[in-house]
Structures are given as structure tokens and as C-alpha cells.
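Have a look at the structure below before the remarks.
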Amino acid sequence: DANWFPDFPTSARQMIDFYTDSGGPSVDGVIAVNATFVADLLTSLGSIDMPEYDRVIDAENFLFEAQKIVENEYDQTLNQPKAFIADLAPKLLERLRSQRGEALITVANRLMRGLFERDIQIYFTDETLQKVALTRGWAGQILQSPLDYLMLVNTNLGGGKTDGVIEENVKVDVDISTDGTVTNTVTITRSHRGIPGGLFTGVNNVTYARLYAPEGSTLVHASGFSPPDRSLFETPNREAKDDDDLLFASANTQIDETTNTTVTKEFGKTVFGNWIQTAPGTTSTTTFIYTLPFKVKPEERKTIRNFLRSTLGLPELSRYNLFVQHQSGVENRRVEVEIHLPESFESVWSSSDLSSVIFDTKTDGTLSVLLEPVSL
């Protein structure tokens with residue numbers, strides 16, 4: 001529940017605060033591992049016997065059995081629903097340590113892939129170690145980009161375990177006008193593949209969606225969103241204190257009166273937030289439209305390419321760059337980008353085929369386009 005911020009170092013500090021405030025000892029760091037990665041890792045490690053739970057856990061049943069135990073089968077008197085995870089962890093680590101030869105190489109490759117794809121995220125309280133994690137891309141931090149940036153963050157709040165049966169398509173239409181103004185239309189289509197009434201996945205998916213864009217972006221329109229009924233929200237105890245990180249994020253919060261979209265600034269980004277609800281067997285479609293705080297214009301850098309073009313009397317080139325950062329743990333998301341140019345521009349080079357730019361859901365993606373003015 002502390003994992004609210006998509007910037008993992010911020011969430012990790014929250015976890016440490018919660019842990020120590022509840023009586024736990026000081027810690028040297030936090031390692032977060034997605035449950036789907038554990039299942040993937042078990043394909044290499046093999047099954048693990050859990051006689052105290054009368055189960056043998058393997059790659060095929062880990063997610064389902066873990067959910068059953070954590071949600072329904074734990075000792076109600078002891079009230080330790082996550083004890084199963086604590087009991088499994090040392091056996092998993094012992095199996096990791098016992099790997100040798102080719103099996104060790106296979107497991108090591110899976111671990112490295114997990115770090116690369118942010119299925120494993122690491123935070124250290126030691127500044128030197130944390131700098132290493134940040135430099136190597138293991139820290140799960142929100143990344144900075146000088147040009148266009150997009151990160152869609154979905155947070156399940158009261159939606160059961162339905163994220164695993166949601167198929168999500170994100171269409172990004174980038175419209176560049178004659179004067180270089182950029183307007184992005186982000187359409188999010190979520191299809192709920194769960195069966196109504198099914199265990200864990202047969203309930204309404206309730207998601208608070210946050211779209212991180214370049215700082216200074218301006219919301220034009222938002223549609224298709226559906227906030228939960230206000231009666232479902234609990235009122236905090238009077239003794240509760242406001243969290244410093246949340247206070248900082250909400251200090252500049254604005255609410256778009258027309259769409260009830262929340263607009264904040266976090267981690268050097270402008271963030272648009274609103275609610276999406278998707279019932280089993282249905283599809284929801286929502287849209288954010290916003291303009292960027294900068295325009296596509298000729299490059300100001302003094303490069304050899306620009307010098308040669310100027311010497312030859314060729315027009316100066318303009319550049320559009322988009323960096324898409326993926327959310328840790330998202331499995332079934334497809335991001336498609338389409339660039340719309342005015343007649344006064346044409347593409348002379350792009351890092352991808354502009355007719356079909358599709359980003360992998362497990363890794364970050366970058367699109368670069370060089371534009372040349374056209375004489376009309």
C-alpha cells in the first residue's frame with residue numbers, strides 16, 4: 001500500500017518509514033520484486049515444496065496459490081496474511097544459491113533481465129550504493145527527458161486482483177502544427193477479460209490513472225473517466241498526519257472543472273490524473289489531450305550536420321523526440337504512436353517506421369524524427 005509513487009526511490013522511503021514506525025528495525029535498503037517475475041524465475045529454479053501449506057509451488061500455480069493463501073486461507077487469529085511470502089522467500093533464496101554451471105548462468109540472465117525490465121527495483125539508504133543503482137538503471141526512478149515524455153501509471157484501488165486480466169492499448173497521436181506547436185492525444189482502451197463473479201478477477205477494475213508529461217504541459221480536454229462514488233472513500237482519523245511527499249505533490253494541485261481531472265507537478269513532470277472503471281467483460285475508453293510547453297523548431301546546436309546544410313544552402317532541420325517510460329509490473333499494455341505532420345513539414349529521417357510505431361510493454365521506448373520544412 002506504500003507503493004503509490006511511480007518513482008521507486010520515493011516509494012521505498014515510504015516503505016522504510018512505515019516499517020520503522022510500526023516497530024521494525026532500521027534497514028539498509030528495499031528490494032521490490034514483481035510477483036509475475038517470481039513465477040518466471042520458478043521456470044528455471046523448479047518447484048518448491050511447502051509442506052506447512054500442503055502445497056508444491058511452481059511456475060504454473062504460484063500466482064493463483066499465493067493469492068488464495070494471502071486473501072482467504074491465512075490464520076485469521078494471527079492475522080498475518082503475507083506470512084506465506086515470508087515463508088517462501090528463504091526457500092527461494094536457498095534454491096538460488098544452490099544453482100551451479102549452466103543453470104546458474106540461466107538464472108543470472110533472468111535476474112539481469114528482471115533488473116533491466118524493472119521487475120526488480122532496488123533502493124539503498126547508503127548514498128554510494130544508491131548512486132550505483134541509479135546509474136545502472138536498477139533503482140526504478142522516473143527518468144528525465146529534455147523533450148517529449150510520456151509515462152502512464154495505473155494504480156488499482158479496490159479493484160481486487162483484476163490487473164492481470166486487463167488488456168490495455170494506448171494510442172498516442174502526436175499532432176505537430178505549422179508553427180511547431182505539439183498537441184498529444186492519448187487514448188487508453190482497457191478490456192476486462194475476467195468472468196463476472198470469478199475468484200479474484202471477476203470484479204470491477206477500479207484504477208486511478210496518472211499520465212506523466214513534460215512539465216508545463218497544458219490540459220486541453222479529458223473524457224471517458226468514471227470516479228467511484230464518494231461514499232466509498234474513508235475519512236482519515238483526526239490523529240492522522242499528512243504525508244510530506246503527498247503534501248508536496250498536492251501543494252500545486254489544480255482540478256479541471258469540466259472533466260474533474262487532477263493536474264499536479266511531480267518529479268519534474270506535469271501529471272494528469274483521473275479514474276477509470278472497467279467491469280468484467282467490458283471495455284472502457286478514456287482520453288487525455290494536452291499541448292506541450294515547447295514547439296518543434298530548428299535545432300540551435302552547432303553541429304557538423306547543421307554547418308554543412310547551412311553551407312550548402314539547405315533548410316535547417318527540426319527534431320521531435322518522444323521518450324516513453326514503462327510502468328513496472330505492467331504485463332498487457334500495447335503503446336502505439338502516430339505522428340501527424342502539417343503540409344509544411346516532411347520527415348527526412350526517423351528512428352522507426354512512422355507508419356507503425358509500437359513500443360514493447362516491458363521496456364522503455366524512444367522515437368526520434370528529423371523534419372525538414374517544405375516550400376508550398
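Per-structure values
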quantity	calculated
Reachable lysines from K91, criterion Cα separation under 18 angstrom, eight or more residues apart if same chain	K82
Amide proton proximity set for E331, modelled H, under 5 Å, gap of 5+	none
Cα gyration tensor shape of region 1-143, rounded if a/c is under 1.5, else prolate or oblate by comparing a/b with b/c	oblate
Within the chain, longest stretch free of exposed GluC sites (Glu not before Pro) [DSSP loop, at most 10 other beta carbons within 10 Å]	1-233
Within the chain, longest stretch clear of exposed trypsin sites (Lys or Arg not before Pro) (DSSP loop, no more than 10 other Cβ within 10 Å)	101-237
The chain shape via C-alpha gyration tensor axes, a/c threshold 1.5	prolate
Helical segments meeting 18 Å axial Cα length and Kyte-Doolittle 0.0 threshold in the chain (DSSP H)	83-97, 101-116
Global form of region 88-240, assessed from the alpha-carbon gyration tensor, a/c cut-off 1.5	oblate
For G194, distant residues with modelled amide H under 5 Å away	G281
Residue of G24, G164, G140 that the Gaussian network model of the chain assigns the largest fluctuation, springs spanning Cα pairs under 10 Å	G24
Helical mean residue ellipticity (222 nm; -39500 (n - 2.57) per DSSP H run of 4+; nearest 500) of the chain	-7000 deg cm²/dmol
Charge context of S47, other residues only, Cβ under 13 angstrom, K/R +1, D/E -1	-1
J(HN,Hα) series, region 72-81, from Karplus relation 6.51 cos²θ - 1.76 cosθ + 1.60, nearest Hz, glycine and proline x	10, 9, 6, 5, 5, 6, 5, 6, 10, x
Residue-count net charge about T162 - beta-carbon cut-off 11 Å; Lys, Arg +1, Asp, Glu -1	+2
Environment charge of S98, counting only residues whose C-beta is closer than 15 Å and scoring Lys/Arg +1, Asp/Glu -1	+1
Using a Förster distance of 30 Å, the FRET efficiency for L157-V220 (Cβ separation, nearest 0.05)	0.70
Length gained when the stretch L104-E234 is fully extended (0.36 nm per residue, less Cα-Cα span)	42.0 nm
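Bear in mind that the values in this text are calculations on the coordinates, not laboratory data. What you see is a predicted model, and the numbers here were worked out from it, not measured in a lab. Heads up, the Cβs are rebuilt from the backbone with ideal geometry, glycines too, and the neighbour counts pull from every protein chain shown.
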